[in-house]
Amino acid sequence: MSSSALTDLFPHPIVQAPMAGGVSVPQLAAAVAEAGGLGFLAAGYKTADGLYQEIKQLRSLTSRPFGVNLFMPQPEHAETGAVEVYAHQLAGEAAWYETELGDPESGRDDGYDAKLAVLLDNPVPVVSFHFGVPSPEVLESLRRAGTFTLATVTTADEALAVQRAGADAVIVQGVEAGGHQGTHRDNPENDHSGIGLLALIAQVRTCVNLPIVAAGGLMRGSQIAAVLAAGASAAQLGTAFLATRESGAHAVHKQALTNPLFVRTELTRAFSGRPARGLVNRFLHEHGPYAPAAYPEVHHLTAPLRKAAAKAGDVQGMALWAGQGHRLARDLPAGRLVEVLVSELAEAWTALSEVSEYPRFGDGDVR
Ligand SMILES: Cc1cc2nc3c(=O)[nH]c(=O)nc-3n(C[C@H](O)[C@H](O)[C@H](O)COP(=O)(O)O)c2cc1C
């Protein structure tokens, strides 16, 4: 399918990232869709029935196209001992929050087959995948149901694998991105410094001819113009939409994005066992350095801690997922944010198109 087939679904090249953990609720996806962007539901951590109910609710709020994001099932880990050690290291947290740790063996496929069945029985316009490549058969069955498919990639090799499997497009996720990196296989022995978004778009374009949706650190229309100029067909924004009124994120999470107390983000395995970018708080600082590469075991293990911290409004114990652009977050209704981004994008695009020569240092008004 061509890139125009994707962007024909929604007028503006703006995708609201799926955000699992109760952030991308139907009200958020509907507000974005109504404003001409592509709204997304996140199936991650939900039951298949919970997903079905959310799709129903979203359809009652808008008749515009939208997407659903699925987590890929995870392979077994050889090293169960590392999870036991981490559980011992978290004993003090459990005592502090007066809760038990979760059962690390609470499932590793996130109900993938049942959720796919929901999406084949009730086809939606767009489905994206995180943490791996779906099989060619799954992609083909979704295509037959009329669904446009995408998968997240964090390297050019992963993009090639997605193209080979037969997806319609790739979501190129730079290391700047908030939340989990969509890395297909988390191998702690590999280089995990990650690749910046512009460098990665250029690398993916050398080997893959699928349309690109760019994600990571994008907070302003001028940045969206930059990734479109670099070859992307649309931009996917998470943190920017996390801050909006309709997002289901905890109020203290939203406030933390622009709180000067939080100066930095880091990639960490502390909360889930997979690299994810969040604001550096006490929990991340203390446990990040030795958290094992064991997703979803660590996710299950820390679930009651995160829940207790959120209940207490304790910003130092929650997973404060955020991209590197977090300080540019704006507290706006989501539809208004789409409008503002579109007008910033138009202004930046016009400025780009009007210059016959690129500006050189010393040309005056350098911004
Ligand atoms: C709170 C949060 C939850 C996320 N959950 C998901 C998810 O469920 N599925 C997914 O594909 N990406 C998820 N992401 C990653 C986004 O799709 C996207 O790559 C990222 O938000 C882009 O970077 P930005 O936050 O700087 O805009 C999440 C991001 C955040 C901030």
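Odds and ends about this structure:
- Only residues that are in contact with a Leu (Cβ under 9 Å, 6 or more places away or on another chain) and either within 13 Å of the ligand (Cβ to nearest atom) or hydrophobic (A, V, I, L, M, F, W, C) (or both) were counted in segment 2-27, giving 12.
- Cβ-Cβ distances below 8 Å connect the following pairs, each with a first residue in segment 222-241 that is aromatic (Phe, Trp, Tyr), a second residue that is part of a strand (DSSP E or B) and modelled with pLDDT of 95 or more, and a separation of six or more residues or different chains: Phe241/Gln16.
- Segment 203-253, subset of a type in the set (S, T, N, Q) and assigned to a loop (DSSP other than H, G, I, E, B), residue nearest to Leu41 (Cα to Cα): Ser247
- If the condition is being assigned to a strand (DSSP E or B) and not polar (S, T, N, Q), then segment 254-280 contributes Glu266, Leu267, Ala276, Arg277, Gly278, Leu279.
- Whichever residue in segment 102-113 is in contact with a helix residue (DSSP H, G or I) (Cβ under 7 Å, 6 or more places away or on another chain) and open to solvent by less than 50 Å² (accessible area, probe 1.4 Å) and, among such residues, is nearest to Arg306 (Cα to Cα): Gly102
- Residue selected from segment 281-298 under the condition in contact (Cβ under 8 Å) with a residue 40 or more places away in the chain and in a helix (DSSP H, G or I), by the criterion most open to solvent (accessible area, probe 1.4 Å): Tyr290
- Residue, farthest from Ala270 (Cα to Cα), within segment 77-93, restricted to residues that are without any contact (Cβ under 8 Å) to a residue 12 or more places away in the chain and assigned to a helix (DSSP H, G or I): Gly81
- The set of residues in segment 73-95 being surrounded by 15 or more Cβ atoms within 10 Å (Cβ to Cβ) and either farther than 15 Å from Ser128 by Cα or hydrophobic (A, V, I, L, M, F, W, C) (or both) consists of Gln74, His77, Ala82, Val83, Tyr86, Ala87, Leu90, Glu93, Ala94.
- Of the strands (runs of 3 or more DSSP E) lying entirely inside segment 95-198, those carrying at least 3 residues that are free of Cβ contacts under 8 Å to residues at least 60 places away in the same chain are 148-153.
- Considering Leu38, Leu70, the condition of being crowded, with 21+ Cβ neighbours inside 10 Å, within 13 Å of the ligand (Cβ to nearest atom) and over 26 Å from Arg185 (Cβ atoms) is satisfied by Leu38 alone.
- Scope segment 234-251; condition open to solvent by 30 Å² or more (accessible area, probe 1.4 Å) and away from the ligand (no atom under 11 Å from the Cβ); matching residues: Arg245, Glu246, Ala251
- In summary, Thr62 fulfils each of the numbered conditions (1) touching a residue at least 60 places away in the same chain (Cβ under 8 Å); (2) away from the ligand (no atom under 16 Å from the Cβ) with the single exception of condition (1).
- Here Leu41 clears all of (1) part of a helix (DSSP H, G or I); (2) of a type in the set (A, V, I, L, M); (3) free of Cβ contacts under 8 Å to residues at least 60 places away in the same chain except the condition numbered (1).
- Taking every residue in segment 5-27 that is free of Cβ contacts under 8 Å to residues at least 40 places away in the same chain and pairing it with any residue that is open to solvent by 30 Å² or more (accessible area, probe 1.4 Å) and within 11 Å of the ligand (Cβ to nearest atom), at least 6 positions away or on another chain, yields no pair with a Cβ-Cβ distance below 8 Å.
- Test: Glu158 is over 13 Å from the mean Cα position of the chain (by Cα), closer than 30 Å to Asn122 by Cβ and either buried (at least 17 other Cβ atoms within 10 Å of the Cβ) or within 16 Å of the ligand (Cβ to nearest atom) (or both): yes
The values are calculated or read from the model by the stated rules, or taken from the named source; none is laboratory data. In this text, all values refer to a predicted model and were calculated from it rather than measured experimentally. As a convention, Cβ positions derive from the backbone with ideal geometry for all residues, glycine included, and neighbour counts pool all protein chains shown. Calculation scope for accessible area: heavy atoms of the full protein, side chains included, ligands and nucleic acids excluded. Shrake-Rupley method; radii C 1.70, N 1.55, O 1.52, S 1.80 Å.
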